[in-house]
Structure formats: structure tokens, C-alpha cells
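The values are calculated or read from the model by the stated rules, or taken from the named source; none is laboratory data. Quick caveat: nothing in here was measured; it's all calculated off a predicted structure. Glycine gets a Cβ as well: all are built from the backbone with ideal geometry, and neighbour counts include every protein chain shown.
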């Protein structure tokens, strides 16, 4: 079997979705615009063990309402197996929020409940503005993590790491995939979390719609820089 790449026409990308309210958002059309055949795996409904990560030029792991440390959830161990196999095969991974947490855990970092939540459009302190601009980025999380051994911290806040790279992979704490449509659905599904933490859902929606065009541009630039600088497209051997 030849390893897949992120070059040439019709390369394949695997997007791991964890539940219905957390779709790929901006990531899927970006991948298609870059020539990828996109396959979305609902890992909470399908066993991934028949998949060979070498068939894909890129794997994207999305957000989730669960914590990356909740081992009672069966599919979390399944996804760790898949990410471990992908890393061993040198397949690049883009981890978003939960996906970033699980990437960190898979490679030796720790994930745990944070003492402080981050919800809203928030700036980050970037150490590589060309790759990860300072934002503001959309945040909605209650967990944080330590980066795995050998990783490079690209951005952070006083709460914890916000982006890291390791090998050909990138993990981010924030949600570059978010769209106004996703936010509308999240406010309906998870409004109780906003109420619990004193976040005004109407203002959150208003700000998301106000920022939609600029946030889209910033996110697409991040995805492109990731592909160019971290995943580093390569031809077949």
C-alpha cells in the first residue's frame, strides 16, 4: 500500500466527528477547496478499527461535549488507537479543542478539568503569529492540557496552552471551524452551560455574526499555514 499525501488531485481527508452538534464547519469546504475527498466519521456511531490511516493525507479530530479523559466512553479509546496509528505512519493530524486534547493525550500529555473556563471570542498570546494569529478566537471549553513531550507551544493564555505543533500535527484549544450556524445550534443545545457561567447567549450570537467574515478569513489562513508549514505536503515515495 502506498501512503496517501496532501498533494495532487483527489487526496483523501478523514474528519472525525464526535456527536451531531459538532460538525466540521469551515473545515470541510476548506478541504474540498484544497482538492480533498472528505470522509466524515461519526466515531460515536461507527467503529474506526477497519480504517487504515495511511489511506488519508490528513486526519482532523473535532470538538466534543465530553472530556478527553472520560475513559468510560468507549469511542475515546477507539480514537486514541486511530491517532496512535496515524502518528506512527506519519499522517498529519489537526486536533480542534477536544481533538487537540486527545492528540496531546495520545502523544503523552495530560488532559484535566481547568480551574477556569474560557467561553467567548478571546485573544491568545501567540509565539508564531504567522501560523497562529492572536485572534480573537472562539473558545468554549472547561478542560485544559499539558503539551506532549517534544511539542512546540505556539500560543497560550493564562489558563493554559492554546496551540501546539508536534511532528506534522497541530492541536488547538479554540474553535477555528465555528460558523454562525454552528453557534446558533450550540446555544440551543448547550444554553445551560452559558447560563451556569454567566455568559449572555444573545450577545455571544450577536458577536459571532458580527465577526463571521473576519473570523472566516483568519481561520482559513490558519488552515492553509498548517498545511504548508506543519503538515508539509509531500509527494508519494
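Given the structure, is residue 159 in contact with a strand residue (DSSP E or B) (Cβ under 9 Å, 6 or more places away or on another chain) and part of a strand (DSSP E or B)?
Values: in contact with a strand residue (DSSP E or B) (Cβ under 9 Å, 6 or more places away or on another chain): yes; part of a strand (DSSP E or B): no.
Criteria not met by residue 159.
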Could you please find all residues in the range 182-195 being surrounded by fewer than 18 Cβ atoms within 10 Å (Cβ to Cβ) and closer than 11 Å to residue 21 by Cβ?
-> 184, 185, 187, 188, 189, 190
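For (1) over 23 Å from residue 64 (Cβ atoms); (2) in contact with a strand residue (DSSP E or B) (Cβ under 8 Å, 6 or more places away or on another chain), each residue gets a yes or a no:
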| position | (1), (2) |
| --- | --- |
| 139 | no, yes |
| 151 | no, yes |
| 175 | no, yes |
| 181 | no, no |
| 185 | no, no |
| 195 | no, no |
| 199 | no, yes |
| 203 | yes, no |
| 214 | yes, no |
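Picking from 116, 139, 162, which residue would you name as being under 22 Å from residue 186 (Cβ atoms), modelled with pLDDT under 95 and out of contact with any helix residue (DSSP H, G or I) (no Cβ under 6 Å at 6 or more places or on another chain)? Before the answer, list the steps.
Details: 139 fails: modelled with pLDDT under 95; 162 fails: modelled with pLDDT under 95.
That would be 116, the only listed residue that is under 22 Å from residue 186 (Cβ atoms), modelled with pLDDT under 95 and out of contact with any helix residue (DSSP H, G or I) (no Cβ under 6 Å at 6 or more places or on another chain).
Got a sec? Which of 227, 194, 170 is part of a helix (DSSP H, G or I) and within 14 Å of the chain's Cα centre (by Cα)? If you could, list the steps in order and put the result at the bottom.
Values: 194 fails: within 14 Å of the chain's Cα centre (by Cα); 170 fails: part of a helix (DSSP H, G or I).
Every option except 227 fails the conditions.
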Reported set for the range 61-86 where residues are farther than 23 Å from residue 113 by Cα and in contact with a strand residue (DSSP E or B) (Cβ under 6 Å, 6 or more places away or on another chain) is 86
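Looking for whichever is crowded, with 16+ Cβ neighbours inside 10 Å and assigned to a helix (DSSP H, G or I) here; the options are 220, 205. Which one fits? Quick ask: steps written out before the conclusion?
On the way: 205 fails: crowded, with 16+ Cβ neighbours inside 10 Å.
Answer to the check: 220.
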Please specify each residue of the range 145-156 satisfying the condition of being assigned to a strand (DSSP E or B) and touching a helix residue (DSSP H, G or I) at 6+ places or on another chain (Cβ under 8 Å).
-> 145
